[in-house]
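Structure first, commentary second.
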Amino acid sequence: MTKENIAIFTFFGATGDLAKRKLYPSLFKLYQKGYLKERFGVLGTSRADWSTDQFKDAVKESISGLENSAAEAEKFASHFEYVAHDVTDQAHYSALNDAIKGLDEKFEAQGNRVFYLSMAPNFFGEIALNIKSQGLISDNGYNRLVIEKPFGRDYESAKKLNDELTSTFNEDQIFRIDHYLGKEMIQNIEALRFGNTIIESLWNNRYIDNVQITLSESLGVEERASYYDTSGALRDMVQNHIMQIISQLAMEQPVAFTDADVRVEKVKALRSLRVYSAVEAASNFVRGQYSAGETGNDYRDEDGVPEGSNNETFVAGKLLFDNYRWSGVPFYIRTGKKLADKFTRIDVVFKKPLIDIFAFPQQSDAALSANVLTIYVEPKSGFALTVNAKSAGQGFETEPVNLDFFQDAESEKEVPEPYERLMHDAMEGNSTNFASWSEVAYAWKFVDVIRRLWNIEDPQFPNYRPGTMGPKASDELLERDGRSWVYKLEK
Ligand code: NAD
């Protein structure tokens, strides 16, 4: 049976893009599935001078197409209320407090509170402090803080932000959203590894040659140019999403599948990630910036991007873990904008058999291929394992064949959106799929070295064309190790 969650949500930044596009539709899906029933309320707040009726209309618009009837949407919207104010104004918080208490009483929410900060991170610290000093914390239920990325710009700013947040909330009350952790196949990494002897027993440097992670985007910066230019691919994708994926791939088996046990292992993995010197960073990381394609602009000529910007729209890198399991196994990563296609995949390349017994007698050209386990994260969800098998026929040739599994269309429909899953987890108090402070801190320490190096060296930009898989140097990064990307464009 579906368990009803009981809570009052307060959305800061309630009129913003993220709230409308993701948060309200996700809450609505939880409502339709019965995870939210009667005993929940949503207080929206932002600078925009809206009335509650306007807010309800915006919420209904954001869920339009999902509802079974107008009455259903109306009933859902009846749980929403709006208070306009500036979060930097302390008086704001007493108005919020009254509204939250009113909703709590009306919907019998037992003092359970989720504060969701869907606005610019420079406000996070101040909001958290005011939530405490102005008495918004309830003393009879839970109090949880959900925050959006980016979590700082480097280790120092992230630490400062964390200090501000933890003066009001404990670590176990802070839910740092990384929506990649809400994706079905990222969660499946643990199931694949720890649910299968044939996978986990080979999951080490004895059998794995290298691991490749690709987060490829086909779009450019679109409307987010001014934000993106202050961030870049390294901060926007590597520090958070890629580091989270890598820690799940590299971690040891947790004692149990609980948030506390998983976090311990992820942190241990990130602690053993080799933090490069500047010289090592220069040889192990590559950056890129897209040029104009057939139709578009050079990144530097996009609206909102400062002239001559050296911001990177592409990163590739080689990461190494200094631990018993992974010593000597490179983890190659790449991510970028305006690449050939939009997809996320992980390729785990196994070592070839030490001896190819088929090579000598048959004098065949077809050498054995390495087994590759590919985890397809998006757009399709599934995985495939290539194994060598005998080609049908008289002779004895081998060829790689695929053992694969993909979610069918029906199951894909059942898969919750990352935000839906993560909001539910936050109400349940389950932080398995959120980034802990220690993970964030280690990830920044790794990334900061590369960022500092890039801040002082002038790159040769632009250096890749839209529709490719990035600059040539990304391929060379693997070629110099005698390897190549598993996913490559046909020439
Ligand atoms: P947005 O600019 O669309 O919305 C910002 C909201 O904050 C608005 O409701 C605005 O009224 C409110 N606001 C701004 N200043 C205020 C003030 N002084 N007092 C009260 N309210 C104020 O931003 P967004 O795209 O919804 O993003 C919100 C957060 O989510 C950001 O941290 C962003 O980095 C993060 N994020 C957004 C997306 C996305 O797809 N939009 C994706 C990932 C992360």
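The values are calculated or read from the model by the stated rules, or taken from the named source; none is laboratory data. Quantities reported herein were computed from a predicted structural model and do not represent experimental measurements. For neighbour counting, all protein chains shown are included, and Cβ atoms are generated from backbone atoms with ideal geometry for every residue, glycine included.
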Any idea how many residues of the stretch 251-266 are buried (at least 20 other Cβ atoms within 10 Å of the Cβ) and either part of a strand (DSSP E or B) or β-branched (V, I, T) (or both)?
-> 1
Does G16 count as within 12 Å of the ligand (Cβ to nearest atom), in the same structural domain as R113 (by TED's automatic domain parsing) and either surrounded by 15 or more Cβ atoms within 10 Å (Cβ to Cβ) or among the basic types (K, R) (or both)?
-> yes
Cross-chain or 6+ apart pairs with Cβ under 8 Å, the stretch 76-87 first and farther than 9 Å from S51 by Cα and within 15 Å of the ligand (Cβ to nearest atom), then charged (D, E, K, R) and outside any loop (DSSP other than H, G, I, E, B) = F80/K56; V87/E126
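Could you run through the stretch 403-418 and say how many residues are touching a residue at least 60 places away in the same chain (Cβ under 8 Å) and closer than 25 Å to S431 by Cα? Before the answer, list the steps.
So in the stretch 403-418, the residues touching a residue at least 60 places away in the same chain (Cβ under 8 Å) come out as 407, 415-418.
Filter again for closer than 25 Å to S431 by Cα, leaving 415-418.
Residues flagged as touching a residue at least 60 places away in the same chain (Cβ under 8 Å) and closer than 25 Å to S431 by Cα within the stretch 403-418 amount to 4.
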Has the stretch 448-457 got at least one residue that is touching a helix residue (DSSP H, G or I) at 6+ places or on another chain (Cβ under 8 Å), among the polar types (S, T, N, Q) and within 30 Å of S272 (Cβ to Cβ)?
-> no
Among the candidates A99, A7, A71, which residue alone is out of contact with any Phe, Trp or Tyr (no Cβ under 9 Å at 6 or more places or on another chain), more than 12 Å from the ligand (Cβ to nearest atom) and not in a loop (DSSP other than H, G, I, E, B)?
-> A71
Among the listed residues V415, V440, which satisfies the condition of being among the β-branched types (V, I, T) and closer than 30 Å to N371 by Cα?
-> V415
Search result, residues across the stretch 43-56 that are surrounded by fewer than 20 Cβ atoms within 10 Å (Cβ to Cβ), within 24 Å of E108 (Cα to Cα) and within 16 Å of the ligand (Cβ to nearest atom) | S51, T52
Going by the conditions given, is V449 surrounded by 20 or more Cβ atoms within 10 Å (Cβ to Cβ) and not polar (S, T, N, Q)?
-> no
Test S201 against the criterion of being hydroxyl-bearing (S, T, Y) and out of contact with any Gly (no Cβ under 9 Å at 6 or more places or on another chain), and give yes or no.
-> yes
How many residues does the stretch 89-114 contain that are in contact with an Asp or Glu (Cβ under 7 Å, 6 or more places away or on another chain) and free of Cβ contacts under 8 Å to residues at least 60 places away in the same chain?
-> 3
Could you tell me which residue of the stretch 132-171 is nearest to the ligand (Cβ to nearest atom), considering only residues that are farther than 22 Å from A99 by Cβ, more than 20 Å from the chain's Cα centre (by Cα) and part of a loop (DSSP other than H, G, I, E, B)?
-> S167
Scan the stretch 267-297 for residues that are under 27 Å from the mean Cα position of the chain (by Cα) and either within 30 Å of E222 (Cα to Cα) or not in a helix (DSSP H, G or I) (or both) and report the count.
-> 16
Residue check, S369 against (1) touching a residue at least 40 places away in the same chain (Cβ under 8 Å); (2) of a type in the set (S, T, Y); (3) touching a strand residue (DSSP E or B) at 6+ places or on another chain (Cβ under 6 Å), all met but one. Which one?
-> (1)
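Quick check, is R206 among the charged types (D, E, K, R), more than 16 Å from the ligand (Cβ to nearest atom) and either surrounded by fewer than 16 Cβ atoms within 10 Å (Cβ to Cβ) or within 19 Å of V262 (Cα to Cα) (or both)?
yes
Quick check on this structure: which one of F28, F40 is outside any loop (DSSP other than H, G, I, E, B), touching a His at 6+ places or on another chain (Cβ under 8 Å), away from the ligand (no atom under 16 Å from the Cβ) and modelled with pLDDT of 95 or more?
Among F28, F40, only F40 is outside any loop (DSSP other than H, G, I, E, B), touching a His at 6+ places or on another chain (Cβ under 8 Å), away from the ligand (no atom under 16 Å from the Cβ) and modelled with pLDDT of 95 or more.
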Answer residue from the stretch 173-189, given it is more than 16 Å from the ligand (Cβ to nearest atom) and at pLDDT 95 or above and is surrounded by the fewest Cβ atoms within 10 Å (Cβ to Cβ) among those | I189
